[in-house]
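The values are calculated or read from the model by the stated rules, or taken from the named source; none is laboratory data. Not measured: the values here are computed from a predicted model. With ideal geometry, Cβ positions are generated from the backbone for all residues, glycine too; neighbour counts draw on all protein chains shown.
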Amino acid sequence: MLLRAENLCKRFGGVSALEALDLEIEAGAVHSIIGPNGAGKTTLLNVLCGIYRPEEGRVRVQEKSMVGRAPHEFAAAGIGRTFQNLQIFFNMSALENVMAGRWLHERCSLAAALARLPSLARAERACRIEAEALLAFVGLEAWRDAPSDTLPYGALKRLEIARALAAKPALLLLDEPAAGLNPTETLEIDRLIQRLAASGVTIVLVEHNMKLVMGVSQHVVVLDYGRKLAEGSPDAVRRDPKVIEAYLGAGA
Amino acid sequence: MSAQLLQFLLSGLTVGAIYALVALGFAIIYNASHVINFAQGEFVMIGGMATVSFIDAGLPLPLSIPLAVGVAAVVGLLLEKLAIEPARNASVVTLIIITIGASILLRGLASLVWDKKIHAVPAFSGEAPIALGGATLLPQTVWVLGVAAVVVGLLWWFFNRTLTGSAILAVSHNRLAAQLMGVSVRRVLLVSFGLSAALGALAGILIAPITFTSWDVGVMLGLKGFAAAILGGLGSGPGAVVGGLALGMIESLGAGYLSSAYKDVFAFLIILAALVVLPNGLFGRRAAERV
Amino acid sequence: MAILVGLNAIVCVGLNLLVGFAGQVSLGHAGFFGLGAYGSAILAARYGWPPLAALAAATAATGVLAWLIGRPILRLKGHYLAMATLGFGIIVSIVVSNEDRITGGPDGMSVPPLSILGYAIVGERTWYWIVATLLLATVWVALNLIDSPRGRALRALHGSEVAAEAIGIDAARHKLSAFVISALAAAAAGALTAHYAGFITPSKASFLHSIELITMVVFGGMASTLGAVVGAAVLTTLPQFLTVFKEYEMVLLGAVMMLTMIFMPRGLVPTLERALAAARRKPL
């Protein structure tokens, strides 16, 4: 089991954002988390990558407990993440953003950095080549050297994915990658996620776009008010009366 | 309570009230613009020094004081109009350097307009000490505490009960939304700077009869006001007041019981320790970053 | 004059790593400068240490102190961090001013000249070569660091701390190392300044000096090593020019600071770089 979340509870003051949540993520599949606004989807992602510490319960990555660990330790354990509100490094170019993503795989001692040893130059070249490949994979090779604050919104969304991929994560958490995109851009993201899934990356997708979700996922979890409402294959979830009621209201 | 302790607490409250007023000035400007106005201390200095000038020119004290506050408020408005507004899109660090430059400029002007000597300001109602539970109280102290309390009350009424005050608070919470509601951010900034300058000047005038005034009193008072605002939680009005009073008392107790030379060290150490435990100050909003 | 510029530039290059690249703020770096200066002065003058050993020990000790206080205070953000560093700087300057038995108090103390293996280093020319070499070495090391993956990690921290953590960058550790490196640079420059001038006063550890240092970095251009050097050069020499104006010196200095920051908010070097880049595109 790639990731296991047991009895997660996250509270902010008096509000319970997540309550008694269990989740199992199997390697190699695309899992989606859906639910109305305020259901706790982003909160769940934040707990799964270590940004939030749950009040109760724990997260296990490849059976290793991640209780009390910092976000960078989650990253080192193989969790990658994109953000609902873009967190691009706007002080760097597109290529540099992706190169930065490779941090976990750089072997760069302080001495080599300070003295500019030849081994560093070789490593930097390799890093650059890999980053360029990732940019091509997400379709951004034209923007390679552009300052990232000149990229259009849709391109930035894809840049975040490229950066997250540079860390070679075992599990990639995508937080509303299609939010704010027009239909053409949404189609591109859809195809990108399909390519990702085909390449073997395990994906947990939070999305509102139902067509996208149902088309690409093998497993869907529905949240409502911080609790798991239903889970299963896209078809099973789509027909679940509890889900229909939560989304469309009783009597629909 | 021992007479000595009471004495320390009273002097701590007095200087704390001054810090509270200066800290409120920082809080008001920070709320409106997210800028830390390092020239705030100079408004304190202008208050005291301008009062000295008006008195030397022959004007009575009750007239000199509002005039001096007015002068400071005008300087505050000019600072906003000429220095902050043109740079409104600059980074926070750049704006900090601008206000630091302004503070140097104002101090330089002060040394030219006035001089580098120490000046005295007459106490508002005489110097006869009042006995209180074994401690002695200067009449000026009563003025400081009384006026500060009234001012804080007026500010509370202004921000909570008037339209202009609410507009300023709206800008501090969400500038864009406030603009969409028809609030003129430029006017809000002007009012904030003018108001903060007036507060600073008032603080300077209140304390001048006790501690004298000179061209460079602003530096340390400004720093202490900033420290008090941070301690209380940046942007929080009640925080500024509590922070100011706390800082004053810590300083006074430190000077009394430990060493007067190290009172500032003691105060800053306490502030550092407090920040480590409460990274957003006493009343600071622990804003959850939305990712 | 050039020597003072060089020494200030060393501090600024280090400070720029912390402020310009890692995006932190320090309003108390004169504290580290003063600790290096006084540490070396006291060890050499009062305890008879060989000046070079005193310099090394003072710099190392300051680095350790920076490591110790950096860990808790770098958890603070923005203006709160500014306050913490400000407080640190003021504490150092007050202690240095008051412990007059060891430090000579507000009037300062005299410092023996630097000597290497028994040869006293005196004379402007020798110092000029020493400082120039050290400055070049500092700039070279800084540029290497910035171009390396570690430099990217620092800049990533500045760009978005949460995203940096999400790709595995330990924010706390990197902020701390930038803090300690900049403290070491400041302390070393402080110690050198003390031995060069033969004298040290508490004003070198004051809040005003901290402000001067941060202004040099911002004025020259943050996130630009060249900018840090240029900023140090301009703001070290400018006050010397302004003394001609005697009592108008402060007014002019304040005015210059304000005007340059209003019209060149990114700092001198980045603004010039952009202007050059724009001019190059014009022929089209």
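Residues in region B:111-134 that are in contact with a Ser or Thr (Cβ under 9 Å, 6 or more places away or on another chain) and either in a strand (DSSP E or B) or of a type in the set (A, V, I, L, M, F, W, C) (or both): B:113, B:114, B:118, B:119, B:120, B:121, B:130. For region A:24-46, filtering for residues that are more than 17 Å from residue A:230 (Cβ to Cβ), at pLDDT 90 or above and small (Gly, Ala, Ser) leaves 0. The residue that is surrounded by the most Cβ atoms within 10 Å (Cβ to Cβ), counting only those in region A:90-105 that are under 21 Å from residue C:17 (Cα atoms) and within 7 Å of chain C (Cβ to nearest Cβ), is A:101.
Here's the yes/no breakdown for (1) within 12 Å of chain B (Cβ to nearest Cβ); (2) in contact with a Phe, Trp or Tyr (Cβ under 7 Å, 6 or more places away or on another chain); (3) crowded, with 23+ Cβ neighbours inside 10 Å:
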position: C:190; (1), (2), (3): no, yes, yes
position: C:218; (1), (2), (3): yes, no, yes
position: C:222; (1), (2), (3): yes, no, yes
position: C:250; (1), (2), (3): yes, no, no
position: C:259; (1), (2), (3): yes, no, no
position: C:265; (1), (2), (3): yes, no, no
position: C:281; (1), (2), (3): no, no, no
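Only a single item in (1) within 11 Å of chain B (Cβ to nearest Cβ); (2) out of contact with any helix residue (DSSP H, G or I) (no Cβ under 7 Å at 6 or more places or on another chain) is not met by residue C:84, and it is number (2). The sole residue among B:269, B:231, B:221 that is closer than 25 Å to residue B:104 by Cβ and within 14 Å of chain C (Cβ to nearest Cβ) is B:221.
Contact annotation: residue pairs with Cβ atoms under 9 Å, 6 or more positions apart or on different chains, pairing a residue in region C:91-117 that is more than 11 Å from chain B (Cβ to nearest Cβ) and buried (at least 18 other Cβ atoms within 10 Å of the Cβ) with a partner that is in a loop (DSSP other than H, G, I, E, B) and of a type in the set (A, V, I, L, M), are C:114/C:121; C:114/C:122.
Scanning region C:233-284 for residues that are in a loop (DSSP other than H, G, I, E, B) and more than 27 Å from the chain's Cα centre (by Cα) yields C:282, C:283, C:284. Tell me yes or no: at least one residue of region B:252-264 is part of a helix (DSSP H, G or I), within 10 Å of chain C (Cβ to nearest Cβ) and not aliphatic (A, V, I, L, M). Taking every residue of region B:252-264 in turn, at least one turns out to be part of a helix (DSSP H, G or I), within 10 Å of chain C (Cβ to nearest Cβ) and not aliphatic (A, V, I, L, M). Note on region A:1-85: no enclosed strands (runs of 3 or more DSSP E) hold 2 or more residues that are among the aromatic types (Phe, Trp, Tyr), in contact with a Cys (Cβ under 8 Å, 6 or more places away or on another chain) and within 14 Å of chain C (Cβ to nearest Cβ). Quick check on region A:116-149: of everything there that is in contact with a helix residue (DSSP H, G or I) (Cβ under 8 Å, 6 or more places away or on another chain) and loosely packed, with under 13 Cβ neighbours inside 10 Å, which residue is farthest from the other protein chains (Cβ to nearest Cβ)? Among residues in region A:116-149 that are in contact with a helix residue (DSSP H, G or I) (Cβ under 8 Å, 6 or more places away or on another chain) and loosely packed, with under 13 Cβ neighbours inside 10 Å, the one farthest from the other protein chains (Cβ to nearest Cβ) is A:145. Candidates in region B:114-143 are the residues that are touching a helix residue (DSSP H, G or I) at 6+ places or on another chain (Cβ under 8 Å), among the β-branched types (Val, Ile, Thr) and surrounded by fewer than 19 Cβ atoms within 10 Å (Cβ to Cβ); of these, the one that is farthest from residue B:216 (Cα to Cα) is B:130.
This table checks each residue for (1) farther than 30 Å from residue A:59 by Cα; (2) modelled with pLDDT of 90 or more; (3) of a type outside the set (Ser, Thr, Tyr).
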| position | (1), (2), (3) |
| --- | --- |
| A:79 | no, yes, yes |
| A:96 | yes, yes, yes |
| A:106 | no, no, yes |
| A:119 | yes, no, no |
